[in-house]
Amino acid sequence: MGLMLSEKEILANLEANGLLSPMTERTAVWAQIMPSTGSLVLFGAYAQLAKGSYFILCMEQDKVILLPVHKVTGKIDAKKEPIIIPFEELDSVEVGKNALLHKVTFTAGERVMPLKINKIAAGTKWHKNNLEKALAEIKKCQTFVVQQTT
């Protein structure tokens, strides 16, 4: 096994946690929480190590699933539990994009998850294959949350 996370490893982890379904299988994409611009200016590369977190984002019909990825090994961090956020707990879902990436922010009470999803992730064909389906499911989640809060 190399440093790059394989689709097989993701599916095995989802299955081990009872989270594998046809939808999670087709929506698994790399996502990361980046340190704020202010942190990067003040602390440079250290801010990335201290604050940057990596995840595999999967969508289900009624929840967001984030599998923590170890910063050094690039593998799913078996010491950390998956983060599961039911749609009902979300206060807002913000979606945006630029030339290189998609930005998705899930807010649930005090928890804010500002994720960045690159359009291309080197060496991960599964990311490219799943990206459009994942984004479509995020939009459905956003619609659900808007309807729930109005």
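The values are calculated or read from the model by the stated rules, or taken from the named source; none is laboratory data. Note that the structure is a prediction, hence the values are computed from the model and not measured. Glycine gets a Cβ as well: all are built from the backbone with ideal geometry, and neighbour counts include every protein chain shown.
Residues that are outside any helix (DSSP H, G or I), at negative phi and polar (S, T, N, Q) are absent from segment 128-146 altogether.
Would segment 102-112 turn up any residue that is surrounded by 13 or more Cβ atoms within 10 Å (Cβ to Cβ), among the hydrophobic types (A, V, I, L, M, F, W, C) and assigned to a helix (DSSP H, G or I)? Taking every residue of segment 102-112 in turn, none turns out to be surrounded by 13 or more Cβ atoms within 10 Å (Cβ to Cβ), among the hydrophobic types (A, V, I, L, M, F, W, C) and assigned to a helix (DSSP H, G or I).
If a residue must be of a type in the set (Val, Ile, Thr) and in contact (Cβ under 8 Å) with a residue 60 or more places away in the chain, how many such residues does segment 132-150 contain? Reasoning before the result, please.
Quick first cut of segment 132-150, residues of a type in the set (Val, Ile, Thr) only: 138, 143, 145-146, 149-150.
Of the ones still in play, those that are also in contact (Cβ under 8 Å) with a residue 60 or more places away in the chain are 138.
Of the residues in that region, 1 qualify.
Would a scan of segment 127-141 turn up a residue that is at pLDDT below 95, surrounded by 17 or more Cβ atoms within 10 Å (Cβ to Cβ) and not aliphatic (A, V, I, L, M)? Yes, segment 127-141 contains at least one residue that is at pLDDT below 95, surrounded by 17 or more Cβ atoms within 10 Å (Cβ to Cβ) and not aliphatic (A, V, I, L, M).
Residues that are in a helix (DSSP H, G or I) and among the polar types (S, T, N, Q) were ranked within segment 4-51; the one that is modelled with the lowest pLDDT is Ser39. For segment 70-110, how many residues are in contact (Cβ under 8 Å) with a residue 24 or more places away in the chain and closer than 14 Å to Gln148 by Cβ? Qualifying residue count for the region: 9.
Given the criteria surrounded by 18 or more Cβ atoms within 10 Å (Cβ to Cβ), modelled with pLDDT of 90 or more and farther than 23 Å from Thr124 by Cβ, does Phe87 qualify? Considered against the rule, which asks whether it is surrounded by 18 or more Cβ atoms within 10 Å (Cβ to Cβ), modelled with pLDDT of 90 or more and farther than 23 Å from Thr124 by Cβ, Phe87 comes out as yes.
Within segment 72-80, the presence of a residue that is surrounded by 16 or more Cβ atoms within 10 Å (Cβ to Cβ) and assigned to a helix (DSSP H, G or I) is excluded.
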